[in-house]
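Contents: one structure, followed by commentary.
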Amino acid sequence: MTWNVSMQLFRGLLAVAFTGSTLLAADWPQLLGPNRDGVATGEKLHASWGAKGPKLLWEATVGDGFAGVAVKGKTAVAFVREGRSEIVRCYNASTGKVLWESATPSNWQGGVSSDKGPRCVPIITDDKIFTFGAEGMLRCLNLADGKQIWKRDTTADFKPLEGYFGVGSTPVLYQDRLIVNVGGRDNASVVAFSTTDGTTLWQAFTDAASYSAPVVKTVGNTNLALVVTRLNLVGIDVASGKKAFSIPFGARGPTVNGATPVVLDDKVFVSSSYNIGSLLASFTSNSITELKRDETFLATQYATPVAGATPGIFFAMDGRQDSGRGTASLKCLDLNTWQVKWEESGMDYGTVVRVDRELLVLTCSGELIRVAASADKYQEVARTKVLKATDSGYRLPALSGGRLFVRDDDTLRCLEVGPE
């Protein structure tokens, strides 16, 4: 199987996670986009944004939270903390008009971070929205009006150890189940919930939770959830909840696993900072084998590597946000040869999205940097200030229908970056 065919197949298999939902090319209905890989399929950027940068279409005041926006069709959904409530707010994606909002009580107080809001990006289907709050409240809402269909208090039910930044691993939706990195005790690290009524379908493994989001990969006749927990990379059969394999990844002490696993056909790549580094492993439906483990190749705090158009080429932010301005670097990696093709140092930490053959890098200093997605060298196309600088730069952008949704500590902005 060639790389191009296998990547197309992988994207199609991930899209199956939205069974019963009609996905348009421009939809961004979950973390990291339609295929949970940071690639904006079907999108184009304007040839130039002009001297002032992308046009501001609308903006809105929002509360705390690290959760990015999810977009489906004409609907954009934000998930924030305001006062003593976590609020799901539904906007008209074109105009910013608030269509409805749904609140649930929250008393969670930030520990390491002063931010008190949700960390997980909402998930949108044709008729439902799923959210996972900073205290572990899992909710299912009606997309049309925000009315609650069901909820589960995962903290009360599974007694997980509290993380440094609250609960923060965005679930993955696969067919009729939500697979959640709960981090519960007694064989409840990963739990599958029914999308219909929230009942527990299965629970598996024992480890604390991470901030990395699961992905689903089909191997032969088995659909595997690949989950980075606090100290392991685990493969779990989506249908039965049976553990297929696990391999150590992470470290005890004040460390965090934050980036989402990257799947390369029959291989998986994961990375973390805090002197953990990167792991490349091959896997089958019931086994995993370490191929490479390196602390210097890439060590990204939470930004997930994004595939380029060339087979095996990935782009990723190296470093940590809390190490200070200008201490991170953007790297172009060849995972087939385990080589760094180029590195642009002296950058602020941030997140990466690929649009066709360009990258959009959103930094913690509020800059949107447009870079050619080339393996030859770093080629900056444009740079513009779109947000205020923040020490809480975890919010992932969303790109849908030529509109880029970005937010800082208190403002959500919709920017026109390409044709609708």
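The values are calculated or read from the model by the stated rules, or taken from the named source; none is laboratory data. Quantities reported herein were computed from a predicted structural model and do not represent experimental measurements. Positions of Cβ are generated from backbone atoms using ideal geometry, with glycine treated the same way; all protein chains shown enter the neighbour counts.
Take the residues in region 40-61 that are surrounded by fewer than 22 Cβ atoms within 10 Å (Cβ to Cβ) and within 26 Å of T260 (Cα to Cα); name whichever of them is nearest to the chain's Cα centre (by Cα). Going through the qualifying residues, I end up with T41.
Considering region 244-260, and only residues there that are in contact (Cβ under 8 Å) with a residue 40 or more places away in the chain and among the hydroxyl-bearing types (S, T, Y), the residue that is farthest from A316 (Cα to Cα) turns out to be S246.
Pick from region 201-220 the residues that are touching a residue at least 40 places away in the same chain (Cβ under 8 Å) and of a type outside the set (A, V, I, L, M, F, W, C): which of them is farthest from Y274 (Cα to Cα)? First the steps, then the outcome.
Let us first name the residues in region 201-220 that are touching a residue at least 40 places away in the same chain (Cβ under 8 Å), namely 201, 203, 205, 208-220.
Pick out the ones that are also of a type outside the set (A, V, I, L, M, F, W, C) and you get 203, 210-212, 214, 217-218, 220.
On the way: Q203: 29, S210: 14, Y211: 14, S212: 15, P214: 21, K217: 27, T218: 31, G220: 35 Å.
My answer is G220.
Going by the structure shown, is T296 within 23 Å of P254 (Cα to Cα) and either assigned to a loop (DSSP other than H, G, I, E, B) or more than 20 Å from the chain's Cα centre (by Cα) (or both)?
Working: within 23 Å of P254 (Cα to Cα): yes; either assigned to a loop (DSSP other than H, G, I, E, B) or more than 20 Å from the chain's Cα centre (by Cα) (or both): yes.
Considered against the rule, which asks whether it is within 23 Å of P254 (Cα to Cα) and either assigned to a loop (DSSP other than H, G, I, E, B) or more than 20 Å from the chain's Cα centre (by Cα) (or both), T296 comes out as yes.
Of the residues T229, T196, the single one that is surrounded by fewer than 19 Cβ atoms within 10 Å (Cβ to Cβ) and of a type outside the set (F, W, Y) is T196.
Exposed (fewer than 15 other Cβ atoms within 10 Å of the Cβ), at pLDDT below 95 and outside any strand (DSSP E or B), is that true of D186? Against the criterion (exposed (fewer than 15 other Cβ atoms within 10 Å of the Cβ), at pLDDT below 95 and outside any strand (DSSP E or B)), D186 qualifies.
Within region 267-285, take every residue that is out of contact with any Lys or Arg (no Cβ under 9 Å at 6 or more places or on another chain) and not hydrophobic (A, V, I, L, M, F, W, C) and give me the one that is nearest to A372 (Cα to Cα). Per the criteria, the residue is S271.
The condition of being closer than 15 Å to E420 by Cα, hydroxyl-bearing (S, T, Y) and either touching a residue at least 40 places away in the same chain (Cβ under 8 Å) or in contact with a helix residue (DSSP H, G or I) (Cβ under 7 Å, 6 or more places away or on another chain) (or both) holds for only one of T95, T75, T41, T61, that being T75.
Yes/no per residue for (1) in a loop (DSSP other than H, G, I, E, B); (2) at pLDDT 95 or above; (3) farther than 19 Å from A209 by Cβ:
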{"position": "S271", "(1), (2), (3)": "no, yes, no"}
{"position": "E290", "(1), (2), (3)": "no, yes, yes"}
{"position": "A309", "(1), (2), (3)": "yes, no, yes"}
{"position": "M317", "(1), (2), (3)": "no, yes, yes"}
{"position": "G326", "(1), (2), (3)": "yes, no, yes"}
